[in-house]
Structures are given as C-alpha cells and as structure tokens.
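Since the structure comes first, as structure tokens, the remarks are kept for the end.
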Amino acid sequence: MSWDDAWAITSSTMAYTNHTLLPEALERWPVRMFKQLLPRLLEIIYEINARFLGEVAQRWPGDTDRLARMSIIEEGGEPQVRMAYLAIVGSYSINGVAQLHSDLLMGGLFHDFYELWPHKFNNKTNGVTQRRWLAWCNPDQSQLISDNIGDAWVTELEHLQKLKPYAKKAAFRKKWHKVKQANKQRLANLVEAECGVVFKPEAMFDVQVKRIHEYKRQLLNILHVIHLYDRIKRGDTANWTPRCVLIGGKAAPGYAIAKSIIKLINNVAFMVNNDPEVGDLLKVAFLPNYRVTAMELICPGTDLSEQISTAGKEASGTGNMKFMMNGAVTIGTLDGANIEIREEVGDENFFLFGMTAEEVAQARGHYDPAAIIAADEDLNRVMKLLRCGHFNQFEQGLFENIIHSICNPHDPWLVAADFREFIDAQQRAAEAYQDQDRWVEMSIMNAACSGKFSTDRTMREYNRDIWKLTPVAVEK
Ligand SMILES: *Cc1c(COP(=O)(O)O)cnc(C)c1O
C-alpha cells in the first residue's frame, strides 16, 4: 500500500481522547529505547513527523519556534517521542472528558494544534452507567423513584427530572430520608467490619473515596478534620453537627507522599476516635482496598461528596457523578465535571469553594503559604498540631514531608490557599445538615438533576460527532 493510501486510512480511523493534563500521564518515550525495540516504527514516526512539520512550515513560514514546539520528536539531551502529539497528528478527532478539560487542552497543552486544526477538537463529558450506579447498587432508592415517576430512567436518565417537584413534598422527603438512613446503616456496617470504627447514621456522612493523589487533596480534607478536632478540644462546639468522615483509596506503590497522607489519615483517626471528649461529635475512618464493589455500597450511604481537587487538575471525575445520582450533595471546586454538576443542580444545591483554574494558573510564582498560615488563626493552630508531632508522638519526624509540602511556595496543589474557603464551605454544609427538610430537598434535587451524567448520553455524543455508527435497536 502506498504511504498516501495508508495515511488516509489511519487518519480517518483514529480518534484520540485525552484523559488527563498531568505531565506524568503524557508519555514521552526516549528515541534511543524506541530505536532498539521498535526500529521500523521509529522510521515511520520520523516520516509522519517530516510530512507534518512540512504542513506547519507551509502554514507559518519561518516560525521555527513553533516547529520545535509542535514536533513529535522533542529535541534536547535525550530526544523523546511525544506520544500525545503523535496521537493528535494521526487522529481526525481530539477530545477532553469535561468542558473545562477540553477548554484547557485547546487553550493550553494542545493550543498550537488547536490553531492548526480547530475542527478536530471537541468535548465529550464523561458519564457513568445508571444500571450499575443506581439501579443495581441502590435498590431502595431505585424502587422509590420508580414507584413515583416510572422506570424509564433506567434507559433514559433524563427522566429523573420528573423527581424535581417531589423535593417539595414532605411525604416523599420522609420516604427519601428513610431510604438514605438505611443505606447509611449499610455503609456503617462496612466501615465497622473493615476499619473497626462505629459510624452512627444520625451523623452527617462525609466521604472522599478516590485514588490517593496530591492534586485530589485528601490532605486538605484531613486538615479540615484536624480543625474540627481542634475546635472540639477548645470547647467550640455550640450547634455542632456530628460528622463521620470516611476517606478511602489506593496509592501507587512508588508514590511516597501519597502513602504518608494515608498514614496521617490513620493517625488522626486513631487520635480522634479514642478521645472520649470527642465522642460521637466526630469519627474518622480510612477504608483500605477501595474498589468498585466498595463504591457500590459507599455512594448510596453518603450525605456529603468531597470533590476538592485543585482547579484545572481533575480532567472530569466520575465518582462525583455516582454520588450525585445517589443523592449526595457535593462540596467541591470548579474543576472537571463538578462545574457541569453545579450547572445542572444549581448553586443552592452545591457547596462551592476555592480558586478557579485561572486563579491557580496566575498563582504560579507568587504563592506565599507561610503568610497565609500566619494570617489564619485556624490554619495556624492546625499547623502547630502537625509540627509539634501531636499525631505522631512515637514516630518522630514522620510527617515532615507533608508539613514541608503545605509550606512550600512551589506547592502546585495550593493546599493552604484553599483552606479558609474550604473550612467555611464545610461550616455551611454542617449548618445546612441541621435543617433536615432542606438537606433532604437538596439530596433529591441532586439525584433529579443527574440525568446528563449517564454514559448513554456520552456515547450518543461520541457516536453523533466521532464514530458516526448506525445505532442498533436492542431486542428484549
Ligand atoms: C468511580 C471510581 C473511581 C473514580 O473516582 P474519582 O473520584 O472520579 O477519581 C476510582 N476508583 C473506583 C473504585 C471508582 O468506583
């Protein structure tokens, strides 16, 4: 086959979906290794690159900086193949997995390619399947929904919209609340069996489960827990909302600080759970071996869904959608699909906090966490507890790496920067939970507005814009 025929087939067959902006996930393969293992493929990549750079040179004559920026081969001490660029050059469609993520690809990482081929770029916001993440994992809530609006939502999730008026009906709210409490008891049984910690379903269940990563900021979550512990110890407990905090997730084997964060969560949990002065005001558990079968029990039993990544870093998130469908209210940043979740459910049913992706980008180079800590009495007290080794009394120096990362002016995750707004948003959530009528209304509204976040919608859009396949009717 001629090159032209082969390239025409390739570049009208391949479509590239990018799943993250984090540099460690954008593969770069050393040319030296490539040459040894896949010599013929490297020749072909060189040919693709030469023809591609010819096209760039024709469009921007004399712009050699641009040629170097866009080349599939990154020159330098150790030349590397930029795999994402190869994917872009060889594909007829390039998409991100939430609107903000696609916008950041077009405006940032892949901007040069967007200028060359704007028509190739599009967005496909992720979804989750309601068959697993509602019908299967939450039979009681599913039954209650179907009893009132029918079961068309199982194949057309937008039908959940019909639940909206029910949020105002006291009798329906009562049933919804009863289902949630039973699901919380189911989750409490798992937590007691796996972690040996007793969660009482009267408390607010505050849950963050996802891979452990600095950008997801489990650290910010545990700083809030330490702050609550500190408030209890200093007697600041008027109008307190009892809270059970569950954090779960796995760390990559070589990710040392992620493992330190798990250790810190466990040590804080030990201190909090064994203090009679704290009692049922606050419980903390770290769930090991977080996995899909665990999430099937966790999302139905959650009141507050923690989606607190540094803005611009979470491509989409899908945990956020599973929680929403199951009637959890989100506390979150303007990141990934959180933005679209908030658009769907309304600001009054979402606890928003934190810097925007734009503000995060602007903070680079002039971030002063020491000044933030000094100016915030609550954060200052939390840092004092960490620094004096309160949570590692027989493990000296264990959390030095964590303390250093919070105080580092180059901390890319800006943990200290978002602390104050996070604490305030958590306080708003705690107050909202005390008005159970209002809280249950928010919970119902979250489920009712989750119709957009079905994989059915996502796949219809992939098919409409990218695959162009003819749908086949399913015979029952
Ligand atoms: C949904 C899910 C994820 C993704 O969660 P995010 O909060 O979007 O990171 C990860 N692991 C498991 C087991 C899940 O069920």
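The numbers here are math on the coordinates, done by the rules we state, and not lab data. Computed from a prediction, not measured in an experiment: that's the story for all the values here. Note: ideal-geometry Cβ built from the backbone for every residue, glycine included; neighbour counts use all protein chains shown.
What to note about this one:
- Annotation for segment 284-314 versus segment 102-159: alpha-carbon center distance of 18 Å.
- Projected label distance in nm at His390 and Gln181, using a 7 Å step from Cα toward the beta-carbon: 3.4
- Extending 7 Å from the Cα toward the beta-carbon at both Arg28 and Arg420 defines two label points whose distance is 3.7 nm.
- Sequence-distant contacts, meaning Cα pairs under 8 Å at least 6 residues apart, place the relative contact order of the chain at 19 percent.
- Each Cα pair under 8 Å and six or more residues apart adds its sequence gap; the mean of these over the residue count of segment 51-207 is a relative contact order of 12 percent.
- With contacts taken as Cα pairs under 8 Å and at least 6 residues apart, segment 3-92 reaches a relative contact order of 46 percent.
- When Met33, Met442, Met459, Met355 are sorted by how many other C-beta atoms sit within 10 angstrom of their C-beta, beginning with the fewest, the order is Met33, Met459, Met355, Met442.
- Farthest towards the positive end of the charge dipole of the chain, among the residues Ala374, Thr293, Leu282, is the Cα of Thr293, using unit charges on the Cβ of Lys, Arg, Asp and Glu.
- Förster-model FRET efficiency, 25 Å R0, Glu400 and Asn289, C-beta, rounded to 0.05: 0.35
- Its Cα gyration tensor gives segment 248-336 an equivalent ellipsoid, and the semi-axes of that ellipsoid, as √(5λ) in whole Å with the largest first, are 23, 19, 14.
- Averaging the Cα positions of each part gives two centres, and for segment 265-280 and segment 363-420 these lie 21 Å apart.
- Assigned charges on the beta-carbon of Lys, Arg, Asp, Glu; the chain dipole about Cα centre (debye): 1200
- Peptides 251-257, 124-130, 303-309 ordered by average Cβ neighbours within 10 Å, highest first: 303-309, 124-130, 251-257
- Kirkwood-type radius of the chain, with distances r between different C-alpha atoms, in Å: 24.5
- Förster radius 41 Å - calculated FRET efficiency between Ala256 and Asn122, Cβ distance, rounded to 0.05: 0.60
- For segment 200-264 and segment 1-63, distance of Cα centres in Å: 44
- Here is how the number arises for the chain: DSSP H runs of 4 or more residues each give -39500 (n - 2.57), the sum is divided by the residue count, and the result at 222 nm is -14500 deg cm²/dmol.
- Met204, Met324 arranged by Cβ crowding within 10 Å, fewest neighbours leading: Met204, Met324
- Restricting the calculation to Cα atoms, segment 293-368 yields a radius of gyration followed by a Dmax of 13.5, 43 Å.
- Calculated translational diffusion coefficient of segment 3-92 (4 °C, 1.567 mPa s; Stokes-Einstein with Kirkwood radius over alpha-carbon pairs) equals 92 µm²/s.
- Take the Cβ atoms of Asp275 and Glu348, set R0 to 56 Å, and the FRET efficiency comes out at 0.95.
- Degrees between helix 415-434 axis and first principal axis of the chain (Cα, 0 to 90, nearest 10): 50
- Entries of Lys184/Lys283; Lys178/Lys200; Lys120/Lys322 with Cα pairs more than 21 Å apart: Lys120/Lys322
- Spatial extent of segment 138-190: Rg and Dmax, with the Cα atoms as the point set, Å: 12.0, 34
- With the highest mean first, a sort of the peptides 23-29, 42-48, 418-424, 215-221 on other beta-carbon atoms found within 10 angstrom per residue produces 215-221, 418-424, 42-48, 23-29.
- Ordering Tyr166, Cys137, Thr13 by Cα displacement along the dipole of the chain toward the positive end leaves Cys137 in first place; charges were set at the Cβ atoms of Lys, Arg (+1) and Asp, Glu (-1).
- Simple spin-label estimate for Arg51 and Thr155 in nanometres, 7 Å along Cα-Cβ: 4.4
- Ranked by how many other beta carbons lie within 10 Å on average, peptides 167-174, 238-245 from highest: 238-245, 167-174
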